[in-house]
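All remarks here apply to the structure that follows.
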Amino acid sequence: MIIKELVWDEFNQDHIQKHGVTKLEIVETSKAIKLTLGGKNGRVMVVGETKIK
């Protein structure tokens with residue numbers, strides 16, 4: 001899957017904050033995706049690794 005755009009709406013920002021993940025980690029992970037899953041409300045859940053932490 002190729003991600004063309006990341007949407008930083010309030011839901012997404014709150015969600016990644018709950019998991020202790022930064023926007024930079026999300027951007028890095030989106031370039032090396034290991035797994036994608038269907039999320040809620042037509043969103044996509046992306047699983048990958050980051051070297052930041």
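At-a-glance table
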item: Relative packing of 5-17, 24-36, which averages over residues the other C-beta atoms within 10 Å, highest first; result: 24-36, 5-17
item: Per-residue [θ]222 nm for the chain (sum of -39500 (n - 2.57) over DSSP H runs n ≥ 4, rounded to 500); result: -9000 deg cm²/dmol
item: Label-point separation, residue 47 to residue 27 (7 Å along Cα→Cβ), nm; result: 2.6 nm
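FYI, it's all coordinate maths here, none of it is from the lab. Since we're looking at a predicted model, the values are computed, not measured. Cβ coordinates were reconstructed from backbone atoms using ideal geometry, including for glycine residues, and neighbour counts include every protein chain displayed.
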